[in-house]
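The values are calculated or read from the model by the stated rules, or taken from the named source; none is laboratory data. Treat the numbers as computed from the prediction; the structure is a model and nothing was measured. All Cβ positions, even for glycine, are placed from backbone atoms using ideal geometry, and neighbour counts span all protein chains on display. Accessible surface is based on the protein model in full, side chains and every heavy atom, while ligands, DNA and RNA are left aside. Shrake-Rupley method; radii C 1.70, N 1.55, O 1.52, S 1.80 Å.
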Amino acid sequence: MDFAKIEQLVDLVARSSIAELDLTQDGTRIRILKRPSAEAPPAPARPAGGSDPQIPSANHKDGPAPGAPADIVVSAPMHGVFYRSAAPDEPPLVEVGARVEAGQKICTIEAMKTFIDIAAETSGVVLAVLAENGDEIAAGQALFRIGPAGSS
């Protein structure tokens with residue numbers, strides 16, 4: 001990996017909402033960590049279970065039961081191209097209704113000819129896939145909605 005590519009990756013991390021990028025390519029490992037800046041505004045809170053009108057809710061029309069865990073929205077950490085599978089000839093990594101574990105790879109984003117794996121932030125059930133395979137996506141765009149393990 002050349003110095004120009006490393007500079008591009010550092011710039012990508014600086015401009016995105018991701019805090020860390022860990023990449024291994026051709027036997028070289030690069031890890032870029034973003035330190036919180038004193039002048040940086042606080043990160044926006046993620047919408048939960050239908051609080052964003054652009055994200056359809058999987059909750060019943062009466063809303064979630066008091067004390068029930070809210071759905072988690074997995075958002076794109078950066079601008080890029082969204083892929084549901086690890087390779088063009090492979091099936092999607094997850095489908096609606098699939099049970100996922102925290103840390104499980106659920107999609108890939110291609111940015112600057114680099115493929116970044118996106119993992120589920122929590123264990124649960126995939127309630128919705130909110131982007132189409134091959135779509136260009138923006139940083140912060142909702143990609144998946146994951147509900148508690150008992151959801152369907």
Failed item in (1) at pLDDT below 90; (2) in a strand (DSSP E or B), with residue 108 passing the rest:
(1)
How many residues are part of a loop (DSSP other than H, G, I, E, B) and at pLDDT 90 or above when one looks only at the stretch 65-76?
1
What are the pairs, 6+ residues apart or on separate chains, where a residue within the stretch 86-97 that is open to solvent by 50 Å² or more (accessible area, probe 1.4 Å) has its Cβ under 9 Å from a residue that is small (Gly, Ala, Ser) and not in a loop (DSSP other than H, G, I, E, B)?
96/128
Which residues, counting only those in the stretch 125-140, are open to solvent by 10 Å² or more (accessible area, probe 1.4 Å) and touching a His at 6+ places or on another chain (Cβ under 9 Å)?
136, 138, 139
Can residue 103 be described as over 14 Å from the mean Cα position of the chain (by Cα), assigned to a loop (DSSP other than H, G, I, E, B) and not aliphatic (A, V, I, L, M)?
no
Of the numbered conditions (1) basic (Lys, Arg); (2) assigned to a loop (DSSP other than H, G, I, E, B); (3) modelled with pLDDT of 90 or more, residue 46 satisfies every one except a single condition; which is it?
(3)
Please go through the stretch 99-109 and pick out each residue that is among the aliphatic types (A, V, I, L, M) and exposed (fewer than 14 other Cβ atoms within 10 Å of the Cβ).
102
So how many residues does the stretch 114-151 have that are part of a loop (DSSP other than H, G, I, E, B) and more than 12 Å from residue 75 (Cα to Cα)?
10
What number of residues within the stretch 110-124 satisfy the criterion of being open to solvent by 30 Å² or more (accessible area, probe 1.4 Å) and within 10 Å of residue 100 (Cα to Cα)?
4
Pull out all pairs, ordered by first then second residue, where Cβ-Cβ is under 8 Å, the residues are six or more apart or on different chains, the first lies in the stretch 1-20 and is closer than 23 Å to residue 140 by Cα, and the second is assigned to a helix (DSSP H, G or I) and open to solvent by less than 70 Å² (accessible area, probe 1.4 Å).
20/13
